[in-house]
Structures are given as C-alpha cells and as structure tokens.
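Q: The structure follows.
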Amino acid sequence: MQLWDPGQVFAILCVLAVIFAAAWIFFRGNVGRCDSAVDLSGKTVIVTGANTGIGFMTALDLARRNARVILACRNSEKAEKAKEEIVAKTGNTNVVVRLLDLCSLKSVRDFAKQIIEEEPRLDILINNAGVVNEGRGKTLTDEGLETLFAANYFGPFLLTNLLLDLLKKSAPSRIINVSSVINKFATIDFENLNAEKSFKHHHQYADSKLAVILFTRQLAKKLEGTGVTANVLHPGTVYTDLFKHLFFLLRYPLLTFIRIFCKTPEEGAQTSLYLALSDDVKDISGKYFVDCQLMESGANPLSRNMEVAEKLWNVSEEITGLSSKKKN
C-alpha cells in the first residue's frame with residue numbers, strides 16, 4: 001500500500017521551500033553594509049565586549065582603519081587572545097586591552113578613571129557588550145543590582161556618563177549603543193527595575209534593551225550643541241556566543257535554525273560601524289537604526305516618550321551614584 005502520494009510529497013516540499021525562503025529573506029535578505037572608506041589614524045575608539053562576536057568584528061574593522069582600539073572586556077585571557085588575532089590580521093599594533101566588568105559599578109569607575117588618566121582623546125565609544133542570561137534565575141551583583149540589567153543598562157549608562165568630558169573634549173565624537181529588536185516587547189516598571197517585585201528573564205532582558213534606547217534619546221538631548229552624537233541600533237539576529245546562555249533544552253534544537261538564518265558576527269557589526277564612521281549620520285543623534293538605515297518604526301513607541309526617558313535617567317543617576325557625585 002502506498003503511504004505517500006508523489007503529488008502530495010511534491011506539494012509539501014514546495015510549501016517547505018517557500019517557508020524556508022521567506023524565513024531566509026526575513027532574517028537575512030536585507031543585510032546592511034557599511035561602505036565607508038574612512039581612515040581613523042589619530043583616532044581612539046573603545047569597544048566594550050570586544051573579545052568575541054559583534055564586538056570583535058567591530059574592533060577588527062576599526063583596527064584595519066588604523067584607529068587606536070581599546071578592547072574593554074571582563075575576561076583578560078580572552079581579550080588578550082582577541083588582541084593578538086586583531087594585531088595579526090591588521091598589522092595595527094595600537095590595540096590595547098583594558099579590563100571592564102559592566103556588572104560591577106566599581107569596575108566601571110576604575111576603567112573610566114584609567115581611560116581618563118591614560119588617553120588624551122576618545123573619538124568613538126561603542127557600548128556593545130551585553131548578556132542574554134547569566135543563569136536561569138535572578139542573580140545579584142556585589143552591589144545588589146540584578147545582573148542582567150546591570151550589564152546591559154546600568155553599567156553602560158555609568159560608563160558613558162563618566163567618559164562624557166573626554167568625548168566632548170575630542171568632538172566631533174560619537175557614542176553608539178547596541179540594543180535589540182526585543183525592545184518592542186518591553187515596558188519600564190520603575191518599581192521593578194532591579195527585579196524587586198518579580199523576575200522573568202525574557203521581560204528583564206527586553207526591558208534592559210528598551211532602557212538602552214530611552215537612555216540614548218535622553219543622552220542625545222543633553223548633548224545638543226556639544227559636537228557629540230549618540231545613536232542606538234539593533235544589529236539583527238546574530239549568531240554569537242550569547243546563545244550559549246540559552247536554556248539547554250532550547251539551545252541545541254535551535255542551533256541549526258540559528259546558523260542558517262542568523263547573521264554572522266561580521267554582518268551584525270555593520271550597523272555599529274556605519275554609525276561610527278559614515279558621514280551620512282554625522283549630524284544625526286538620538287535615533288534608532290537597523291541594517292544601516294534609520295528605522296524608528298523598529299523601536300518600541302514607549303522609547304519616544306521623553307518624560308519616561310527623563311525619569312529613567314534621573315532614577316539611573318541615583319542607582320549608579322552619579323547624582324551624589326554631582327552634589328559633591
């Protein structure tokens with residue numbers, strides 16, 4: 001008895017092919033490219049999380065352009081290996097490693113102090129580092145902050161503010177913040193920023209990425225007239241080491257899909273590079289980009305609420321200790 005009719009098999013294969021093609025086009029069909037040929041000799045760049053993934057590819061490209069590249073990473077061994085690879089591939093020996101753990105406000109302050117003491121200028125700051133999950137449950141830093149929100153938002157917020165004077169001194173300069181498309185599904189609960197009431201990983205991650213956009217909007221407003229711009233981006237769905245933090249039951253079934261449909265880290269770095277280098281955006285600030293294009297429709301509508309952005313800024317100053325520094 002024939003179990004499968006050849007015509008039915010063919011029809012099923014056609015449907016699967018269409019689904020596959022549609023998925024590929026959705027995830028990979030419009031990969032933006034940074035076509036800038038600018039040389040960065042004499043310029044200094046910081047890339048956080050530069051030892052792997054998008055951050056590594058971003059740093060590699062900037063080193064090829066003769067910039068002084070500071071790899072800001074929390075793992076010294078991995079960072080040194082990344083530095084060696086970048087130097088070998090580019091011939092640029094002006095690449096240095098500086099330790100930075102964005103989960104630790106003390107580490108952020110120590111890093112910023114070192115940069116200010118050592119570096120006469122800072123032309124580009126790329127807040128690339130982030131975490132998807134540091135374990136499946138809620139964890140706190142030594143300073144009592146929820147780890148995921150600390151790494152993805154509070155750390156970059158404090159770091160950027162501490163380096164603003166150096167960026168202004170080096171103007172025209174640029175700040176690039178990396179968010180995620182998942183910001184669309186987020187909200188900001190000021191009573192639960194630190195997961196005081198409840199912790200759901202996917203909510204906390206999404207909220208941290210929305211916070212990055214709100215931070216960028218308010219930062220751009222504060223920087224008007226200084227010669228420093230700040231923009232934010234979604235790099236696309238990229239296959240990076242972040243996926244190693246997925247719950248193990250999801251990790252392996254998704255790997256095949258991820259490798260086929262996700263961008264490579266080199267592709268994922270393109271919008272960061274575009275915002276760092278292109279003349280097209282030299283006078284643009286406070287905007288959201290995807291695939292090297294202005295894409296405000298890709299951002300959560302809440303991210304354009306400047307009252308929320310201002311309140312988040314003020315709360316963040318209190319949490320990170322910036323407000324007390326101002327008073328002193």
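The values are calculated or read from the model by the stated rules, or taken from the named source; none is laboratory data. Everything quoted here is computed from the prediction, not taken from an experiment. Neighbour counts run over all protein chains shown; Cβ positions are idealised from the backbone, glycine included.
Q: Just name the residue that is modelled with the lowest pLDDT out of those in the range 109-148 that are under 15 Å from the mean Cα position of the chain (by Cα) and either in a loop (DSSP other than H, G, I, E, B) or of a type in the set (S, T, N, Q) (or both).
A: Asn133
Q: Among the residues of the range 77-128, count how many are more than 22 Å from Ala151 (Cα to Cα), free of Cβ contacts under 8 Å to residues at least 24 places away in the same chain and of a type in the set (S, T, N, Q).
A: Total meeting the criteria: 1.
Q: Further, regarding this structure: Failed condition for Ser173, given (1) free of Cβ contacts under 8 Å to residues at least 60 places away in the same chain; (2) of a type in the set (Gly, Ala, Ser); (3) out of contact with any strand residue (DSSP E or B) (no Cβ under 8 Å at 6 or more places or on another chain), with all others met?
A: Result: Ser173 passes all but (3).
Q: In addition: Going through Leu214, Leu193, Leu233 one at a time, which residue ends up being in contact (Cβ under 8 Å) with a residue 60 or more places away in the chain and touching a Ser or Thr at 6+ places or on another chain (Cβ under 7 Å)?
A: Criteria check complete, one pass: Leu214.
Q: Just to verify a result, which residue in the range 292-325, among those that are under 18 Å from the mean Cα position of the chain (by Cα) and in a helix (DSSP H, G or I), is farthest from Glu266 (Cα to Cα)?
A: Ranking the candidates gives Ser303 first.
Q: Let me ask something else about it. Return the residues of the range 69-98 that are of a type in the set (Val, Ile, Thr) and either touching a strand residue (DSSP E or B) at 6+ places or on another chain (Cβ under 6 Å) or part of a strand (DSSP E or B) (or both); say none if nothing qualifies.
A: Val69, Ile70, Ile86, Val87, Val95, Val96, Val97
Q: Right, something else. Just to be sure, is Gly49 under 29 Å from Thr147 (Cα atoms) and at pLDDT below 95?
A: no
Q: Would it be correct to say that Thr240 is at pLDDT below 95, touching a helix residue (DSSP H, G or I) at 6+ places or on another chain (Cβ under 8 Å) and hydroxyl-bearing (Ser, Thr, Tyr)?
A: Yes.
Q: A further question on this structure: Go through (1) over 24 Å from Phe185 (Cβ atoms); (2) at pLDDT below 95; (3) part of a loop (DSSP other than H, G, I, E, B) and name the single condition Ile284 misses.
A: Going through (1) over 24 Å from Phe185 (Cβ atoms); (2) at pLDDT below 95; (3) part of a loop (DSSP other than H, G, I, E, B) one by one, Ile284 breaks only (2).
Q: I need every pair where a residue in the range 29-50 that is touching a residue at least 12 places away in the same chain (Cβ under 8 Å) has its Cβ under 7 Å from the Cβ of a residue that is surrounded by fewer than 24 Cβ atoms within 10 Å (Cβ to Cβ) and among the acidic types (Asp, Glu), sequence separation at least 6 or different chains.
A: Asn30/Asp291; Val31/Glu267; Val31/Asp291; Gly32/Asp291; Lys43/Asp123; Thr44/Glu119; Thr44/Asp123; Val45/Asp123
Q: Where residues in the range 163-207 are modelled with pLDDT of 95 or more and among the hydroxyl-bearing types (Ser, Thr, Tyr), which of them is surrounded by the fewest Cβ atoms within 10 Å (Cβ to Cβ)?
A: Here the residue is Ser170.
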